[in-house]
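*Asks:* Have a look at this one.
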């Protein structure tokens, strides 16, 4: 009998599911709108529909699927298979694994999306040849996942590697978590956008205003990057400042984990040439020389498929460790 693995990446706007073979190669995939505004049962119905889609396309049955991996924003409890809370879906204490297993009969595993992405990059992306790595996503917020001796380190209740909420300046700006000076408050896409809007409102950047059709509220990190590429010094400085603070965070990661590799992903990395050099320079000043000599910093390889490949890696994790 054939052996398949399913990966399901659930987000606020879309559900992406893929059916993979025993090597992790995607055979078929399905994408549907989450329809989060229609409630819990409709979202789960859409999840199940994508599973049916990929199985039918491949001519496969649920009996041939060994494991289903789900990548979801948290907080969640992977051991109990519960989504504790998901602001994008308005979920609270949803026993997602139980519901999916009951409907499909397929063994199901649930992981935080950043942890799943770390597994994806370890087994299918930049980290294929290392046993220890830290994945950091720089997007709307900043999250991470740590791989230690080829296995995910998730902490006692799935809250390990919240790199975005390491405090790098206690006198810094307020973070969404309630603390001051978190890495996320300096280097995430939302913080870049906030500084860009402040600069435009103060009359310091005509370029960003023009790109946003003079609507300050529409200025985001993408517009800030566009202005920087057009030579706007203020926009360039905003990214350079984000890079400086990211470098402090990277230095702290190196000093804490003594890891072989740091992999950087997320939407903000599309503009990495605006800040990564500054980040590496600062990282080298902050990190201790011993662990610094052992680490390589790489950009993520999986691109837009990182959520789906992360979910597939969740499904395949035990097999991948054994077969490696």
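The values are calculated or read from the model by the stated rules, or taken from the named source; none is laboratory data. For clarity, every value in this text was computed on a predicted model and none was experimentally measured. Cβ placement follows ideal geometry from the backbone for every residue including glycine, while neighbour counts extend to all protein chains displayed.
*Asks:* For residues that are assigned to a strand (DSSP E or B) and on the phi < 0 side of the Ramachandran plot, scanning just segment 86-99, find the one that is modelled with the lowest pLDDT.
*Replies:* So, considering only residues that are assigned to a strand (DSSP E or B) and on the phi < 0 side of the Ramachandran plot, the one modelled with the lowest pLDDT is 86.
*Asks:* Which of (1) more than 19 Å from the chain's Cα centre (by Cα); (2) under 30 Å from residue 291 (Cβ atoms) does residue 105 not meet, given it meets every other one?
*Replies:* So residue 105 meets the others, but not (2).
*Asks:* Additional query: Scan segment 184-200 and tell me whether some residue there is touching a strand residue (DSSP E or B) at 6+ places or on another chain (Cβ under 6 Å) and either touching a residue at least 24 places away in the same chain (Cβ under 8 Å) or under 21 Å from residue 74 (Cα atoms) (or both).
*Replies:* Taking every residue of segment 184-200 in turn, at least one turns out to be touching a strand residue (DSSP E or B) at 6+ places or on another chain (Cβ under 6 Å) and either touching a residue at least 24 places away in the same chain (Cβ under 8 Å) or under 21 Å from residue 74 (Cα atoms) (or both).
*Asks:* Going through segment 22-55 one residue at a time, which ones are surrounded by 13 or more Cβ atoms within 10 Å (Cβ to Cβ), under 21 Å from the mean Cα position of the chain (by Cα) and not in a helix (DSSP H, G or I)?
*Replies:* Within segment 22-55, 24, 26, 29, 30, 31, 32, 34 meet the criteria.
*Asks:* Restricting attention to segment 205-233, which residues are closer than 17 Å to residue 190 by Cβ and in a loop (DSSP other than H, G, I, E, B)?
*Replies:* Selection gives 212, 219, 220.
*Asks:* Based on this model, can you work out whether residue 83 counts as assigned by TED's automatic domain parsing to the domain that holds residue 316 and at pLDDT 95 or above?
*Replies:* Taking the combined requirement at face value, the residue does not satisfy it.
*Asks:* Follow-up question, since we're still on this one. Tally time: how many residues in segment 262-279 are crowded, with 24+ Cβ neighbours inside 10 Å and either touching a strand residue (DSSP E or B) at 6+ places or on another chain (Cβ under 7 Å) or part of a loop (DSSP other than H, G, I, E, B) (or both)?
*Replies:* Number of matching residues: 4.
*Asks:* From 84, 15, 27, 10, which residue is free of Cβ contacts under 8 Å to residues at least 40 places away in the same chain and within 17 Å of residue 117 (Cα to Cα)?
*Replies:* On the way: 84 fails: within 17 Å of residue 117 (Cα to Cα); 27 fails: within 17 Å of residue 117 (Cα to Cα); 10 fails: free of Cβ contacts under 8 Å to residues at least 40 places away in the same chain.
Checking each option against the conditions leaves just 15.
*Asks:* Anything in segment 134-164 that is closer than 23 Å to residue 271 by Cβ and either part of a loop (DSSP other than H, G, I, E, B) or touching a strand residue (DSSP E or B) at 6+ places or on another chain (Cβ under 6 Å) (or both)? List them, or say none. Spell out the reasoning first.
*Replies:* We begin by selecting, within segment 134-164, every residue closer than 23 Å to residue 271 by Cβ; these are 134-145, 163-164.
134, 135, 136, 137, 139, 140, 141, 143, 144, 145, 163, 164 - these are the residues of segment 134-164 that are closer than 23 Å to residue 271 by Cβ and either part of a loop (DSSP other than H, G, I, E, B) or touching a strand residue (DSSP E or B) at 6+ places or on another chain (Cβ under 6 Å) (or both).
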